[in-house]
1. Can you name the residue in the stretch 1-31 that is open to solvent by 20 Å² or more (accessible area, probe 1.4 Å) and among the polar types (S, T, N, Q) and is also nearest to L168 (Cα to Cα) among such residues?
2. Only one of L142, L175, L187 is more than 26 Å from S78 (Cα to Cα), touching a residue at least 60 places away in the same chain (Cβ under 8 Å) and either buried (at least 20 other Cβ atoms within 10 Å of the Cβ) or not small (G, A, S) (or both). Can you tell me which?
3. Hey, among the residues in the stretch 109-139 that are under 23 Å from C22 (Cβ atoms) and within 16 Å of the ligand (Cβ to nearest atom), which one's surrounded by the fewest Cβ atoms within 10 Å (Cβ to Cβ)?
4. Go through (1) acidic (D, E); (2) in a helix (DSSP H, G or I); (3) closer than 18 Å to V21 by Cα; (4) open to solvent by 50 Å² or more (accessible area, probe 1.4 Å) and name the single condition D160 misses.
5. Could you list, in sequence order, the residues of the stretch 1-32 that are among the polar types (S, T, N, Q) and within 14 Å of the ligand (Cβ to nearest atom)?
6. Tell me, which helices (runs of 4 or more DSSP H) wholly within the stretch 2-101 include 2 or more residues that are modelled with pLDDT of 95 or more and acidic (D, E)?
Amino acid sequence: MQPFLTLYLNTSSPFARVAHVCLHETRLIEQTELRWCDPWAADSELLEINPLSRVPTLVTAEGQVLTESLLIAYYVDSISEGVSLLPEAQREAVLSLTGLGQGLMEAAFQTVIARKHQGSEADASVLGMRRVSAIERTLAALDAHPAIMGATAPTERTLDTIVVAVALAYLSFRLPAFDWENRFPALQTWYARVTDSESFILTAFE
Ligand SMILES: N[C@@H](CCC(=O)N[C@@H](CS)C(=O)NCC(=O)O)C(=O)O
């Protein structure tokens, strides 16, 4: 089958990984061409189509350029004929948990970027301390969240599950000192179940 979607991504972006996992879960990956790129490069093909030069960027069959991981996830869900990432019956709960996961991902990503450009003292700044506190509070909230607690908590890969699990994977990848895996056992049990899937294994960070 001819690809009709094009996804620009890199191997270390949590936002791009969300889009990539969504394409796997909906099986639209089979109709997607992956374009690996460096969004930080000054002169790139990505920059020609997206003035923000950020991944993920998705180009549709009609040539529309979509940015923002959650908007891309929404679009992917809208054209999916199989699995629903945003099931109607659970919509509010899914959106609520998706927001927590996205916020965790943003705080983690901004922490990484601030350290990279300003050094480790970035964490001691007012904004740095707010980010670290937000990460800590959100991990505790997730560990106690009714959708996550307990060995039988559902692990369907809806958008909320995908976003939270990618955010946790990114913390392990870039900010291992948070050691969330050992400090939040309920979350770790849930995470292990969610990520034991092709969509997560085939999109691992590098
Ligand atoms: N809110 C955006 C964030 C995307 C983003 O920040 N992507 C990063 C990689 S993780 C990027 O491409 N950064 C390059 C830049 O900002 O120049 C989303 O959800 O897609």
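1. S12
2. Details: L142 fails: touching a residue at least 60 places away in the same chain (Cβ under 8 Å); L187 fails: touching a residue at least 60 places away in the same chain (Cβ under 8 Å).
Answer to the selection: L175.
3. Step one: filter the stretch 109-139 for residues under 23 Å from C22 (Cβ atoms), giving 109-110, 112, 138.
Pick out the ones that are also within 16 Å of the ligand (Cβ to nearest atom) and you get 109-110, 112.
Details: F109: 18, Q110: 16, V112: 18.
In this case the residue turns out to be Q110.
4. All conditions pass for D160, except number (4).
5. To start, the set of residues in the stretch 1-32 that are among the polar types (S, T, N, Q) comprises 2, 6, 10-13, 26, 31-32.
Selection gives N10, T11, S12, S13.
6. Numbers: elements: 14-25, 45-49, 69-79.
So the answer is none; nothing clears 2.
Okay, residues lined up against (1) closer than 24 Å to C37 by Cα; (2) open to solvent by 60 Å² or more (accessible area, probe 1.4 Å); (3) within 16 Å of the ligand (Cβ to nearest atom):
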residue	(1), (2), (3)
N50	yes, no, yes
S53	yes, no, yes
T57	yes, no, yes
E68	yes, yes, yes
L71	yes, yes, yes
I79	no, no, no
L85	no, no, yes
G103	no, no, yes
A107	yes, no, yes
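The values are calculated or read from the model by the stated rules, or taken from the named source; none is laboratory data. It should be emphasised that the depicted structure is a prediction, and the values quoted were computed from it without experimental measurement. Positions of Cβ are backbone-derived with ideal geometry, glycine not excepted, and every protein chain shown enters the neighbour counts. Note: areas computed on protein heavy atoms with side chains; ligands, DNA, RNA excluded. Shrake-Rupley method; radii C 1.70, N 1.55, O 1.52, S 1.80 Å.
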